[in-house]
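The values are calculated or read from the model by the stated rules, or taken from the named source; none is laboratory data. Everything numeric in this text was worked out from a predicted model, so none of it was measured. For neighbour counting, all protein chains shown are included, and Cβ atoms are generated from backbone atoms with ideal geometry for every residue, glycine included. Just so you know, the surface numbers come from the protein's heavy atoms only, side chains and all, with ligands and any DNA or RNA stripped out. Shrake-Rupley method; radii C 1.70, N 1.55, O 1.52, S 1.80 Å.
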Protein chains: 2
Amino acid sequence: MTTGEDLLGSWNDTPTLHAITGFVASVVDGPLAIAPAERVATFDNDGTLWAEKPLPIQLDFTLRRLAEQAEADPTLRERQPWKACYEHDDAWLGAAMVKHYHGDDGDLHLLMEAVPTAFVGMTVEEYADTVDAFFRTASHPTLGRPYRSCGYAPMVELLRYLEANEFVPYIASGGDRDFMRPVAGELYGVPPERIIGSSLALDYQETDDGQRSVLYKSEMEFFDDGPTKPVRIWSRIGRRPVVAGGNSNGDVPMLRFARTAARPALRLLLLHDDAEREFDYTAGADEALARARQAGWTVISMRDDWATVFAD
Amino acid sequence: MTTGEDLLGSWNDTPTLHAITGFVASVVDGPLAIAPAERVATFDNDGTLWAEKPLPIQLDFTLRRLAEQAEADPTLRERQPWKACYEHDDAWLGAAMVKHYHGDDGDLHLLMEAVPTAFVGMTVEEYADTVDAFFRTASHPTLGRPYRSCGYAPMVELLRYLEANEFVPYIASGGDRDFMRPVAGELYGVPPERIIGSSLALDYQETDDGQRSVLYKSEMEFFDDGPTKPVRIWSRIGRRPVVAGGNSNGDVPMLRFARTAARPALRLLLLHDDAEREFDYTAGADEALARARQAGWTVISMRDDWATVFAD
């Protein structure tokens, strides 16, 4: 028995739970034991640690910002995506995503071009304050809870359980790194230096009044998804993860990167099959699920493996 | 008195030492106390934590690699910088640096173009092994000690002293991040995830035989010097440092970034004034020294403030 299994109270007693605790036991003091310094765990965020439907939380945040821009500048109200944001036209935004899944990226492209401009010239501290204010009030549209309570209780328990066994968990998300940093401490107990994610390009600026600031430029530095995840993980940590968790196709390279010929890895894939308590969808996860079957990754069924989804 | 002052045995009892321990006392439980999570310290490496003369250690490593390339490919022996490396023509290399200081970057440019090509296609693990092998045997050309013993004992003690007071030290160097990672644990007790530095661009690759690798491309991702240092520090840590140490003009933005209107910072500038035990030079540090005087940064005199320079 590994340390801290009592921390996993929101998990059902299923083969999935035994696969997790069995792996941890094997690398902590089993025949495959690895040094604590090597016990790196990386987790995707959207759809892995917190809910990502009907819209990623960060997108809701950004659309509100675009609406504010259109509020301040009437000329933006005639242009997409500001028009849709200003008019609360969810149909346009929903259609953009559907078109994307059918291979037409035109509207999504308009959106992706607008997003990096939404915070240009803002300092990193001002952005953190804006994110913080958003999380103090914003609520999930259908789950009936604040966004800051949309983290999955069993996953948060898993982070604590891994730490009890001297693993160090990181978040390696496609979402914006600096959007997660201000809240990941409260939600997940993960500090800013362990948040890896997409990033806007940054600039350093000194002004005559003594301000020394890092602030956002109007372009992306990188989009941390797919093959970029292993690259950013190496850049930030300088080690391969030995535990990696995700829920979609964009997590496949990270999960594959975790394993080497020399040592095993625990690859976790969260399956959203719980329409009653959260959502039921596999769109964007088809390749990941096929690989999980083929390579023996551990698939977590939200419906069957979790006694509780959200903490009270 | 702060915790762990007995760790600072290689320091003389001077005003510099008192400035350091006084600052630490003030932020640990003085009127300016800050939470342990905010106690981030960032240090330059070349010339701040280890010797950088007559040539940065990484440059010696890279020049040997270029010589190996010229060994394998005779056509390279007619081209600079491979020619100089192959012929051990230190004069050409020295002149390139002197020309650079006088505003002529032609030869340095040839060198800087060649460097990123030296390791193209190598995986990050292979590179780490190569660096490791270099440090097992390579010695400093004039100090009469292995490169792995060229770290400054007082600075290593300072890292331990800061940790004893719940600071977390990072290395924020202009040198190559992945060159420092394999040795920074042994030299400084700083793990790979806390090494910030310049980086070659990285690629992720999957091969049919099951290898999942991160490997180097032939260009730089960024050169972590000057205004780039605050940007990379924010990217990696998501906090401003409250202690920052450097020795040259390229460290000025990092040291300025450390202080805000809301809280003080300890800015350390190491002055190389010890020709007997190390080196005596201020080239490339003129702006930093002027700013130190103007802004009251703490200048460490190697000659006067250090009882010992290198550990036995």
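A few notes on this one:
Conditions tested, residue by residue: (1) of a type in the set (A, V, I, L, M, F, W, C); (2) assigned to a loop (DSSP other than H, G, I, E, B).
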position: A:18; (1), (2): no, no
position: A:22; (1), (2): no, no
position: A:41; (1), (2): yes, no
position: A:52; (1), (2): no, yes
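- Against the test of being away from chain A (no Cβ under 14 Å) and either open to solvent by 10 Å² or more (accessible area, probe 1.4 Å) or under 18 Å from the mean Cα position of the chain (by Cα) (or both), the options B:101, B:170, B:161 yield a single qualifying residue, B:101.
- Matching residues in the range B:133-142 - criterion: being touching a strand residue (DSSP E or B) at 6+ places or on another chain (Cβ under 9 Å) and loosely packed, with under 12 Cβ neighbours inside 10 Å: B:136, B:137
- Within the range B:117-132, the set of residues being under 19 Å from residue B:192 (Cα atoms), open to solvent by less than 40 Å² (accessible area, probe 1.4 Å) and not polar (S, T, N, Q) comprises B:122, B:124, B:127, B:128, B:131.
- Subset of the range A:115-145 [assigned to a strand (DSSP E or B) and within 14 Å of chain B (Cβ to nearest Cβ)]: A:123
- Within the range B:192-209, if we keep just the residues that are more than 8 Å from every other protein chain (Cβ to nearest Cβ) and closer than 17 Å to residue A:241 by Cα, the residue that is least open to solvent (accessible area, probe 1.4 Å) turns out to be B:194.
- Screening the candidates B:29, B:44, B:6, B:13 for the property of being of a type in the set (Asp, Glu) and at pLDDT below 95 yields one hit, B:29.
- Matching residues, the range A:278-290, being hydroxyl-bearing (Ser, Thr, Tyr) and open to solvent by less than 50 Å² (accessible area, probe 1.4 Å): A:281
- Residues considered: A:184, A:172, A:201. Of these, the only one that is within 22 Å of residue A:61 (Cβ to Cβ), at pLDDT 95 or above and assigned to a helix (DSSP H, G or I) is A:184.
- Subset of the range A:235-244 [facing another protein chain (nearest Cβ under 7 Å) and of a type in the set (Gly, Ala, Ser)]: A:235, A:238
- Test: residue in the range B:291-306 that is among the basic types (Lys, Arg), more than 14 Å from chain A (Cβ to nearest Cβ), open to solvent by 40 Å² or more (accessible area, probe 1.4 Å) and in a loop (DSSP other than H, G, I, E, B): no
Yes or no, residue by residue, for (1) open to solvent by less than 10 Å² (accessible area, probe 1.4 Å); (2) more than 14 Å from chain B (Cβ to nearest Cβ); (3) not acidic (Asp, Glu):
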site	(1), (2), (3)
A:147	yes, yes, yes
A:155	yes, yes, yes
A:190	yes, no, yes
A:212	no, no, yes
A:221	no, no, no
A:230	yes, no, yes
A:233	yes, no, yes
A:253	no, no, yes
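- Pair list, Cβ under 8 Å, 6 or more apart: the range B:237-252 residue over 20 Å from residue B:156 (Cβ atoms), other residue open to solvent by 10 Å² or more (accessible area, probe 1.4 Å) and hydroxyl-bearing (Ser, Thr, Tyr): B:237/B:170; B:240/B:260
- Looking at B:96, B:91, B:33, B:84, just one residue is in a helix (DSSP H, G or I) and surrounded by fewer than 15 Cβ atoms within 10 Å (Cβ to Cβ), and that residue is B:91.
- Test: residue in the range B:64-74 that is touching a Cys at 6+ places or on another chain (Cβ under 9 Å), among the charged types (D, E, K, R), farther than 19 Å from residue B:183 by Cβ and more than 14 Å from chain A (Cβ to nearest Cβ): yes
- Condition broken by residue A:82, with the remaining ones in (1) more than 29 Å from residue A:250 (Cα to Cα); (2) touching a residue at least 12 places away in the same chain (Cβ under 8 Å) satisfied: (1)
- Across the range A:36-59, the number of residues qualifying as open to solvent by less than 30 Å² (accessible area, probe 1.4 Å), more than 14 Å from chain B (Cβ to nearest Cβ) and of a type in the set (S, T, N, Q) comes to 2.
- The numbered conditions (1) more than 26 Å from the chain's Cα centre (by Cα); (2) of a type in the set (Ser, Thr, Tyr); (3) over 15 Å from residue B:161 (Cα atoms) are all true for residue B:26 except (3).
- Taking the conditions (1) open to solvent by 20 Å² or more (accessible area, probe 1.4 Å); (2) assigned to a strand (DSSP E or B) in turn, residue B:240 satisfies each one other than (2).
- Restricted to the range B:255-268, and to residues there that are outside any strand (DSSP E or B) and within 12 Å of another protein chain (Cβ to nearest Cβ), the residue that is surrounded by the most Cβ atoms within 10 Å (Cβ to Cβ) is B:255.
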